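These notes concern the structure reproduced below.
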Amino acid sequence: MRDDRDSGSRLYRWLSERIDLTATLGWLASVTGAIYGGLDSRLELRAALRKALAKPVPRHINWLFCFGGITFLLFLIQVVTGILLTLYYRPTPEGAYESVRHISNEVSLGWLIRGLHHWAANALILMMLLHMFRVFYCGAYKHPRELNWMVGVCLLMVAMAFGFTGYLLPWTQLSYWASNVGTELANAVPVVGGPALVVMRGGPVITGETLTRFYSAHVIILPVITVLLLAAHFGMIRRQGISGPL
């Protein structure tokens with residue numbers, strides 16, 4: 001509890017020393033209003049937003065239906081903190097560990113950004129599992145929503161892949177050997193196991209090539225797949241609506 005209070009005090013002092021929050025918020029409000037007014041007069045954004053958002057909520061909706069939204073919020077936190085971490089992270093065997101140490105100990109609020117990225121990743125998996133359990137319990141995976149359920153399962157697998165590829169990036173002894181065991185599991189798959197192992201590692205053993213491949217998958221390939229799956233997921237929810245009560 002004391003550590004949390006100290007962290008909050010450090011964050012407050014850092015912000016108060018560098019930012020006049022009242023003036024900044026006033027400036028943002030004026031700029032946002034000027035931009036929105038100009039766009040609204042040309043594109044009728046207000047009417048479009050009203051049409052898109054003015055959708056009645058079924059009476060049976062309760063807090064159990066919030067797990068999906070919380071999962072999406074945690075994904076957005078991952079995106080923002082991940083982008084900030086890439087500004088300092090170096091995906092090389094020589095620089096990976098040192099860059100993570102630099103982020104945690106020397107970059108202003110780097111410890112906070114890295115901590116948010118780490119804990120939000122764990123919370124995301126938990127919220128996603130709770131969301132899928134709620135969908136299963138309510139029978140929302142049945143006709144005509146089977147395809148959306150399969151998209152959700154794919155999103156869960158992608159989330160697990162995020163965790164697997166991200167675990168190697170600090171390039172510590174623990175992450176190295178854990179990734180060694182994890183990739184070795186692919187070798188147990190008949191026929192395709194051997195080639196899959198080489199594709200993941202970039203060779204027979206984990207090297208700097210493996211780190212580069214995991215980093216590329218973590219920050220490029222998996223985010224693109226996630227955005228496409230989320231677009232399909234939300235589109236089908238919008239089209240089919242929220243499932244009825246039990």
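Each value in this text was obtained by applying a stated rule to the coordinates, not by laboratory testing. This structure is a prediction, so every number in the text was calculated from the model and none was measured. Using ideal geometry, Cβ is built from the backbone for each residue, glycine included, and neighbour counts are taken over all protein chains shown.
Remarks
- Ellipticity estimate at 222 nm from DSSP helix runs (n ≥ 4, -39,500 (n - 2.57)) divided over the chain, nearest 500: -24000 deg cm²/dmol
- Of the residues Asn62, Val205, Thr92, the one whose Cα sits farthest toward the positive end of the charge dipole of the stretch 55-240, with +1 on the Cβ of Lys and Arg and -1 on the Cβ of Asp and Glu, is Asn62.
- From the Kirkwood radius over Cα pairs of the chain, Stokes-Einstein at 20 °C and 1.002 mPa s returns a whole-number translational diffusion coefficient of 100 µm²/s.
- The value given for the stretch 140-207 is a Kirkwood hydrodynamic radius of 13.8 Å, derived from the mean inverse Cα-Cα separation.
- Ranked list, fewest to most other Cβ atoms within 10 Å of each Cβ, for Met150, Met200: Met150, Met200
- The per residue volume of the convex hull around the alpha-carbon atoms of the stretch 104-246 is 148 Å³.
- Springs join every pair of Cα atoms under 10 Å in this Gaussian network model of the chain, and among Gly82, Gly203, Gly152 the largest mean-square fluctuation is at Gly203.
- Taking label points 7 Å from Cα along the Cα-to-Cβ direction, Asp40 and Arg18 give a separation of 3.3 nm.
- With the biggest extent put first, the Cα atoms of the stretch 28-117 measure 54, 39, 21 Å across the principal axes.
- Neighbour counts of C-beta atoms inside 10 Å place His118, His102 in the sequence His118, His102, starting with the fewest.
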